[in-house]
Each structure stands twice: as C-alpha cells, then as structure tokens.
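Report on one structure; see the data block that follows.
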Amino acid sequence: VPSGVSIAVSSTVPPRHMDSVLDILDALESPARGGSPGIAAALGRGLGICSTPGCRAVLGEPSGTPERPPALTPGQWQLLTELLRHDPATPELGAVLAPDGSTVALGPLLAGIEAGLRSGGFGRPLPTLDPPADPLLAVTIAEALGRSFLLAQEGDNNTTALGPGGCWDNVENPQNYTLRGPPSPVPDPVAIGAMDGVVLGARLAQEPLPVAELLRGYYGIGNGSKAGRPPSSYRRRDFRALVGQGRLEKEVAAVLGVLRTLSPTPEFLRDVGTQEVAAVARWAAREFSKRYVGTGGVAP
C-alpha cells in the first residue's frame, strides 16, 4: 500500500447513515479507548445541540468547544461536527438516514438521550423546573413546538410551523439531504428525532445502557432484524403511549412558562400573555399530533 493512502481513507467523511453514527458511538464509548456512556451527549452539547434557552436551562451550559477525540478519524469527527452543530438556517445538515427509511435529526435525539440518562441517575441530576415541566419533553420537542407556533402566529400567512420533509441524493450512500421547501423551526427530521429522543430517553431513565447498544437495538442495525420491523418503525405508537396530545399541550405551555422566567426573556415570548401561551400550546399539540403521531402522518 503506498504511504499516505490510509490517511486519505481515514479523512473521508462517512455517509450520513445511522450506521456511521453507530461506528462513531462505538469508538467513543469503548472502555478500551477511555470512553464512557455519557460521552456522546457531552460532545453533542459542546458542538451545539443544546443551543436554545430552554435546553440550556434543563441540561446546563456546555463546557466549551471540544477537540477531536483520539478514537475518531478526522472524517468521523467532521461528520459528527456537521450533524451536531445547530444552525436553524440549515437543519438538513443535522439529519441521518435510518434503516427504517426515516430521516432523523441527531440533535433532539441526543438531547433526549442525555435527559434520560441523567434522570435515571447517570451523571449530574437534572434541575427542578419552575413552573414544573418534564425535562425530557422540554429538550426534545416542547420548547421547539412552542417557539415554532408562536413565531408562526406572529408571522405572515405563509409562515409554517411544521415541516417540510425532504429527500436524499442516494439511499445506499446518503451524503446530501434536501428539504422540499423553506424550513420551519420543526422540519420533519427534527420532529422524528425528537420522537425518538422521547422514546429512548424514557427507556434510559428506567435502565441506563450504552448509547450505541440502545440505538443498535432500536434502529435494527446488524442484529438480524431483517426478518421483522425494527422498533423505530413503531415510533408513532410508542410516542403516543408516552405522550398523548393532552400531555403534549400541557408540556408546551409549561416550557413556555419556564422560558418566561429566564432573564432575559427570549424575544419571541415578549408581550405574550398567559392565555396566548395556552392557545398556542393547544394549537401546537393538535397540529403536531395530527401530522406526526396520528394515523396518516408523514413519519414512518
């Protein structure tokens, strides 16, 4: 092998597939390489998955921008950085293709995983929120929905609060995901990643597991699940069992209440009264449930 070839190979960016994410998590969590179960979530926050006021109120401030862990190749680190760097203008960069055919944003997925691990006793305890709000729902979907629907209410008639979906350039070797229109704050991959974050975070709160093992089982990668559907394809049913429309409405209102106590108050919440918060929470929960959770939604 000519010298330099292995370096060229290791610096190539892996495809945007859940398999690539699992390879990264395996490397990060390997005890032989000094890894641990919480390391992916900590890296994710350092890279920017928890950039909103509500998420930071729950999970805390990140501890600075991380450097590439020795366990990862430059190509893997580039992929992870692109997937987790939160940029509202380009949400498609945070998405990967899952084996069930869905497109999943890693940010809300990892935020839910961290909230679940910490509420299950792994790592620092979560704060008690006032007004009371569920930390897992706050960091995955409730804050994003509340913000999106408030902005849609204040915007012109063309402002959408959910979606759109998109398409991949290549299913076998996914590199580029293109949204089918201007993104709302909750495009389809973010909604799907949030639902998975809730389902898996709730599981981790009961029993902390290595994240790679958890995701491998859930998405049905390399465990002989070709015979049956992977658990991820039942995300609607599992999310609905954990969070009905009424509970989602309550949690959207609760997290908006938490945001109002922050100093400074987020711009989109200034001059918003209690009744308006209640109305927006009801609207958000109804529309989200109709599009993603009920029958006939777009999430597989």
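The table for this structure:
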{"read-out": "Residue among Ala32, Ala42, Ala111 that alone is within 23 Å of Glu251 (Cα to Cα) and outside any loop (DSSP other than H, G, I, E, B)", "value": "Ala111"}
{"read-out": "Identity of the residue in the range 136-159, acidic (Asp, Glu) and either at pLDDT 95 or above or not in a helix (DSSP H, G or I) (or both), that ends up least open to solvent (accessible area, probe 1.4 Å)", "value": "Glu143"}
{"read-out": "Every pair of residues 6+ apart whose Cβ atoms lie under 7 Å, when the first sits in the range 43-66 and is open to solvent by 30 Å² or more (accessible area, probe 1.4 Å) while the second is not in a helix (DSSP H, G or I)", "value": "Ser51/His86; Pro53/Leu262; Pro53/Pro266; Arg56/Cys50; Ala57/Leu262; Pro62/Cys50"}
{"read-out": "The lone exception for Gly228 - which of (1) small (Gly, Ala, Ser); (2) farther than 19 Å from Ala161 by Cβ; (3) open to solvent by less than 30 Å² (accessible area, probe 1.4 Å) it fails", "value": "(3)"}
{"read-out": "Checking Asp188 against (1) charged (D, E, K, R); (2) open to solvent by 20 Å² or more (accessible area, probe 1.4 Å); (3) modelled with pLDDT of 95 or more, the condition it does not meet", "value": "(2)"}
{"read-out": "Meets criteria (modelled with pLDDT of 95 or more and open to solvent by 20 Å² or more (accessible area, probe 1.4 Å)) for Thr178", "value": "yes"}
{"read-out": "Matching residues, the range 200-220, being touching a residue at least 60 places away in the same chain (Cβ under 8 Å), assigned to a helix (DSSP H, G or I) and open to solvent by less than 30 Å² (accessible area, probe 1.4 Å)", "value": "Leu200, Gly201, Ala202, Leu204, Val211, Ala212, Leu214, Leu215, Tyr219"}
{"read-out": "Identity of the residue in the range 160-169, assigned to a loop (DSSP other than H, G, I, E, B) and touching a residue at least 24 places away in the same chain (Cβ under 8 Å), that ends up nearest to Arg16 (Cα to Cα)", "value": "Gly165"}
{"read-out": "Residues located in the range 160-175, provided they are surrounded by fewer than 22 Cβ atoms within 10 Å (Cβ to Cβ) and of a type in the set (Gly, Ala, Ser)", "value": "Gly163, Gly165, Gly166"}
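The values are calculated or read from the model by the stated rules, or taken from the named source; none is laboratory data. Please read all numbers here as calculations on a predicted model, not as lab measurements. All Cβ positions, even for glycine, are placed from backbone atoms using ideal geometry, and neighbour counts span all protein chains on display. Heads up: the accessible areas ignore ligands, DNA and RNA and are worked out on the full protein's heavy atoms, side chains in. Shrake-Rupley method; radii C 1.70, N 1.55, O 1.52, S 1.80 Å.
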